[in-house]
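Here the structure is laid out as C-alpha cells; the discussion comes afterwards.
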Number of protein chains: 2
Amino acid sequence: MTIGVLSRATATKVETIRFYERIGLLPAPARTGGNYRSYDENHLRQLGFIRRARELGFKIETVRALLSLADQPQRCCDDVDQLVIDQITEIDRKIEALQRLRTELDQLAIGCRGGPIADCRILDALQPHRSDRNTI
Amino acid sequence: MTIGVLSRATATKVETIRFYERIGLLPAPARTGGNYRSYDENHLRQLGFIRRARELGFKIETVRALLSLADQPQRCCDDVDQLVIDQITEIDRKIEALQRLRTELDQLAIGCRGGPIADCRILDALQPHRSDRNTI
DNA sequence: ATAGAGTCTGAAGCAGCTACAGGGTCAAGA
DNA sequence: TCTTGACCCTGTAGCTGCTTCAGACTCTAT
C-alpha cells in the first residue's frame, strides 16, 4: 500500500509517517519503480502500535523500548509492566501539577468586572509590589 | 544588578533571562563598561511577573499580552479577566484529557506478573491482531 | 496530451528553553 | 603584580514531536 493509504488506515499524517521512518521508529518500506514507499501489513500493525502508544502519552523513546520488548517473545514481561507503571506515575504527576495550577488560577479569577486596569487584582497578584511602580 | 543576581533573585536561569531579552519579553538593560548587562528594579519586577505567569501556565505570547495590558492603566480589565478564564478552560481541558488517559492506562496495567512477553496482555492491547503475526 | 492527485527529498519552523564553545571581565588572594 | 576562579559575553546548536514548506517527480483518468 502507498503512504497515503497507510496514512488513512492509521489516521496518521503522511509527514508523520515519513518522520517515524527517519527516526527509525517505523522500518523503511520497499520502494516501487517510481520510488514510492510500499507498505505491507507489518508496517500497518507496527504503525498502529506506535500510534496507540503515543495516544497513551508514551514518549517516542518509550515506544521504541516497547517495540523492542514486543520483539522478544521469550522474555519476561516485567519490563513492559514497569513502563506502564512509570507512565501512570508520570500522568498522575502531571494531573496533580495541573490541579494545583487550576486552584491558583481560580483564586486569581475573581474578576474585576469593568474596573480599570490600574485597579486590576489579577495583575496585582501577578506583579507583586506593583503599588510602588511610580516611585521608581 | 548583574544577570547573575537577577537570576538568583527570580530563580530564573541566566540563559533564560537572555532568551527573554532576545524574544523581546524582557527589555534589554543598560550595559556596563565591560559590556555586562545591568538590571534595575523594573527589570526585577517585570521578570518576576513573567515567571509567575509562566508558572501559571500562560504561554509566552499571552504573557506578552498581559504585560501590554498592565501598561495601560486606564483601560478596562475585562481583557485580563478573559485571558485568565481562557487559561482555566485550557487547563481543565488538559486535566480531562490526562484523566481519560489515566483511566485507559489503568485498564492496561493489569500486569502479567512474570509471564513471558508472548502472553503479555499489555502488548496485546497495544498491538491489535498480534496473534496473526506469524502468518504474514 | 494534460490535468489533478499523490508522492518524493531536504530543509526550516514551532515552543520554550538549555547547553555548549570559545572567548572577555572582574575581584580577591599570594 | 600576577593569577586564579567566578562570572559574563556572543552565537549557534540541541531538545521533543512533529508540521510546513518549496520544488520536483509519478501516476491515473480523460
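Summary of values
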quantity: Listed pairs A:Lys13/B:Lys94; B:Lys13/B:Lys94; A:Lys59/B:Lys59; A:Lys13/B:Lys59; A:Lys59/A:Lys94 exceeding 19 Å between Cα atoms; calculated: A:Lys13/B:Lys94; B:Lys13/B:Lys94; A:Lys59/B:Lys59; A:Lys13/B:Lys59
quantity: Environment charge at A:Leu6 (Cβ cut-off 12 Å; Lys +1, Arg +1, Asp -1, Glu -1); calculated: +3
quantity: Relative packing of peptides A:47-60, A:26-39 - highest average C-beta neighbours within 10 Å first; calculated: A:47-60, A:26-39
quantity: Cα gyration tensor, the range A:36-101 - rounded (a/c under 1.5), prolate or oblate; calculated: oblate
quantity: Proximal charge balance of B:Arg113 [Cβ under 12 Å; K/R count +1, D/E count -1]; calculated: -2
quantity: Global geometry of the protein assembly as shown, whether rounded, prolate or oblate, following the gyration tensor of its Cα atoms and the 1.5 cut on a/c; calculated: prolate
quantity: B:Glu104-A:Arg22 FRET efficiency (beta carbon distance; Förster radius 25 Å; 0.05 resolution); calculated: 0.30
quantity: Peptide A:80-88, shielding by other chains (average Cβ, 10 Å cutoff); calculated: 5
quantity: Relative contact order (%) - criterion: Cα under 8 Å, at least six apart; region: chain A; calculated: 13 percent
quantity: Average other protein chain Cβ within 10 Å of Cβ, residues B:50-60; calculated: 3
quantity: For B:69-79, mean number of other protein chain Cβ atoms within 10 Å; calculated: 6
quantity: Prolate/oblate/rounded label for the range B:1-57 (Cα gyration tensor, a/c 1.5); calculated: prolate
quantity: Relative contact order (%) - the range B:17-61, alpha-carbon pairs under 8 angstrom, separation at least six; calculated: 23 percent
quantity: Amide H within-cut-off set for B:Gly115, under 5 Å, with H built and near neighbours excluded; calculated: A:Cys77
quantity: Label-to-label distance, nm, for residues given as B:Glu96 and A:Ala125 (7 Å Cα→Cβ offset); calculated: 2.2 nm
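Quick note: the coordinates plus some simple rules give every number you see, no bench work behind them. These numbers were taken from a predicted model, which means no experiment stands behind them. Using ideal geometry, Cβ is built from the backbone for each residue, glycine included, and neighbour counts are taken over all protein chains shown.
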